[in-house]
2 protein chains.
Amino acid sequence: MTIQQKLDAIAAKNNSLVSIGLDSDISKIPLHLQQNPDAQFLFNKAIINATHDLVCAYKPNSAFYEGAGAKGIEQLKRTCDYIQHTYPDIPIIIDAKRADIGNTNVGYADYVFTYLGADAVTLQPFLGGEALKPFLDRKDKGVIILCRTSNPGAHEFQDLLIEQKPLYQIVAERVANSWNKNDNCMLVVGATYPEELKIVRTIARDMTFLVPGIGAQGGNVEQTMKAGMNSKKSGLIMNAGRSIIFASNGEDFDQKAREVAIALRDEINSFRI
Amino acid sequence: MTIQQKLDAIAAKNNSLVSIGLDSDISKIPLHLQQNPDAQFLFNKAIINATHDLVCAYKPNSAFYEGAGAKGIEQLKRTCDYIQHTYPDIPIIIDAKRADIGNTNVGYADYVFTYLGADAVTLQPFLGGEALKPFLDRKDKGVIILCRTSNPGAHEFQDLLIEQKPLYQIVAERVANSWNKNDNCMLVVGATYPEELKIVRTIARDMTFLVPGIGAQGGNVEQTMKAGMNSKKSGLIMNAGRSIIFASNGEDFDQKAREVAIALRDEINSFRI
């Protein structure tokens, strides 16, 4: 099964384009869990159990685990193991934003695909497609390239004009028309830039986009859906992190996360009719 | 002490611009060590003990440790701890090529600076300087931005012309003229591109460059030195990994590494007179 088939299957089963960003910053998780040595895993497990029927993916960002070193990486591994064993039909996207030269990328591919058992990973385009071969060659895995990131300073390089065309559009063209030989590529386009999202949709046809930036970063769901959906009224993995997982910092955090996830799923679906 | 002062001090003390890339791929280290659970650390420790008087830095690439997950990260942590405790005047550069949006980069800064205790880190420019604030604000640490990478496909995006100027030159300008307010920025420029290195030197004045690509990747020392030295006949961290650390796969691996490091140090210094 390809990553796209897995994504399509769970999006249909759960009637959802919501991805939950398991960005489980230890300093922000509920106080009653913080002292537990397995705090991040126990927090994630509760969020996952409360939301598994509402999502099309979970997307942990590696940075929030690496900050604690080897112990943090173990918490991420346990989280991925838990998803794989308990809800194996839900794809795991590791937001790692990696890229190195070719032989070095093998180590990163081992980390996300072999060690963590993830289905997809986010990558930086700056070193070019040649360097990313150890990822692009993985027909069974998703390769999600940063195109237009959600941060306020994204324009600094991504809007630079190459023959009247901004760099982010060149990235979209390269990925859609040249790197995607194994039909395993996707693009990251932030919800904070709906105009750019609309243009990338025309470049990349029906390709799936990972869309961060709704929720805490302020991206608007209606604008994002109208600008970003593909011809099948789909093609978006709408990720929200903090606004869902930190909806409450009390003992009801998982149920509050469920409530926010339901509302987001329904709001997204209201534009797909 | 700033990272530049630390680099200058050790370069003078050891009369060396050689950095050794501790890219200790478990499958390539000598067979008599491979079965040991601490193989990567023991290998690194032997290399470090055999070369500490010949280098200006050690540069482990995180990918070669992450591939083994939490256990690999522990090997990297033990390596960094060993350098800090035994040879505290030698800077540690973590080649991590990270970059995320601002609040997420805090996790990566914690990983390299707090957990590993490194002096400097390599970063991707694609998200812009705003996103890299958690790194750029660290006056005590080195922030080494990818400018022209050493891989064969570096040209795909890095040579795109913005008003007749390639993207890699724009990156060099931004870093040298705008991001370097704390005087803690450096650039990565591959030895495999001496013409580009020469141009980046004119843009970035006396800034220090981390130069990968000599040794196994085929970069030429003479061309690199002539193109890259700053006005003080310095300003380069000349990194070699595989050609030094895997010079022998027998029990004499550390002494062979020392021999290759001496030859490289001397070859580099022959162009600094």
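The values are calculated or read from the model by the stated rules, or taken from the named source; none is laboratory data. Note that the coordinates shown come from a computational prediction; the quantities given were computed from them, not determined experimentally. Backbone-built Cβ (ideal geometry, glycine too); neighbour counts: all protein chains shown. The area values use the complete protein model at the heavy-atom level, side chains included, leaving out ligands, DNA and RNA. Shrake-Rupley method; radii C 1.70, N 1.55, O 1.52, S 1.80 Å.
Could you identify which residue out of A:Ile101, A:Ile162, A:Ile145 has the top mean-square fluctuation in a GNM of chain A using Cα springs shorter than 10 Å?
Looking only at A:Ile101, A:Ile162, A:Ile145, the biggest GNM fluctuation is shown by A:Ile162.
What is the list of residues in segment B:244-259 whose amide nitrogen lies under 12 Å from a point 7 angstrom out from the Cα of B:His32, following Cα to Cβ?
From segment B:244-259, the list is B:249-255.
Running a GNM on chain B with Cα contacts under 10 Å, which residue among B:Ile20, B:Ile244, B:Ile262 ends up with the highest mean-square fluctuation?
Comparing B:Ile20, B:Ile244, B:Ile262 in the GNM, the peak value goes to B:Ile262.
If you average the alpha carbon positions of segment B:34-56 and of segment A:39-116, how far apart do those two centres end up, in angstrom?
Segment B:34-56 and segment A:39-116 have Cα centres separated by 30 Å.
What nm distances, shortest first, do you get from the label point of B:Gly117 to those in the other copies when the point sits 7 angstrom along Cα to Cβ?
Relative to the other copies, B:Gly117 has label-point distances of 3.5 nm.
Do any GluC sites (Glu not before Pro) in segment A:146-203 lie in a DSSP loop with no more than 15 other beta carbon atoms within 10 Å, and if so, which?
In loop regions of segment A:146-203 (DSSP not H, G, I, E or B), the sparsely surrounded GluC sites (Glu not before Pro) are A:Glu163.
Among bridges DSSP assigns within chain B, what percent are antiparallel (round to 5)?
Once the DSSP bridges in chain B are tallied, antiparallel ones form about 5 percent.
Quote the accessible area belonging to B:Val55 in square angstrom, nearest 10, computed with a 1.4 Å probe and with ligands, DNA and RNA left uncounted.
0 Å²
Distances in nm, one decimal, shortest first, from A:Gln35 to the same residue in every other copy, taking the label point 7 angstrom along Cα→Cβ.
4.6
If you take the accessible area of B alone, add that of A alone, and subtract the area of the pair, what total do you get in Å², probe 1.4 Å, to the nearest 100?
4500 Å²
DSSP beta bridges in segment B:37-190, what fraction antiparallel, as a percent rounded to 5?
Counting only bridges with both partners in segment B:37-190, antiparallel ones make up about 10 percent.
Over all residues in B:22-28, what is the mean tally of Cβ atoms on other chains that come within 10 Å of each residue's Cβ?
Average per residue, whole number: 1.
Please go through segment A:222-266 and write out the GluC sites (Glu not before Pro) that DSSP classes as loop and that have at most 14 other C-beta atoms within 10 Å.
Here the sparse-neighbourhood loop sites are A:Glu251.
GNM on chain A, C-alpha springs below 10 Å: top fluctuator among A:Asn249, A:Asn61, A:Asn230?
Of A:Asn249, A:Asn61, A:Asn230, the Gaussian network model singles out A:Asn249 as fluctuating most.
Given the pairs A:Lys139/A:Lys198; A:Lys59/B:Lys141; A:Lys59/A:Lys256, which are separated by over 23 angstrom at their Cα positions?
Correct reply: A:Lys139/A:Lys198; A:Lys59/B:Lys141.
Taking N as the number of residues in chain A, what is its Cα Rg relative to 2.2 N^0.38 Å?
0.95
Using a label point 7 Å beyond Cα on the Cα-Cβ vector, give me the inter-copy distances for B:Asn15 in nanometres, one decimal, shortest first.
Shortest to longest, the spacings are 7.8 nm.
Considering only DSSP beta bridges where both residues belong to the protein assembly as shown, give the percentage that are antiparallel (nearest 5).
5 percent
Just counting partner chain Cβ atoms within 10 Å, what average do the residues of peptide B:111-121 show around their Cβ?
2
If you average the sequence gap of Cα pairs under 8 Å that are 6 or more apart and divide by the length of chain B, what percent do you get for the contact order?
Once divided by the residue count of chain B, the mean separation gives 21 percent.
Over 21 Å between Cα atoms, which of A:Lys77/A:Lys97; A:Lys45/A:Lys77; A:Lys133/B:Lys226 qualify?
A:Lys133/B:Lys226
Taking DSSP loops as anything outside H, G, I, E and B, show the longest stretch in chain A free of trypsin sites (Lys or Arg not before Pro) there with at most 14 other beta carbons within 10 Å.
Longest stretch, sites excluded: A:29-138.
So with the 1.4 Å probe, I'd like the accessible area per residue for chain B, rounded to whole Å².
Roughly 36 Å² per residue, with all protein chains present.
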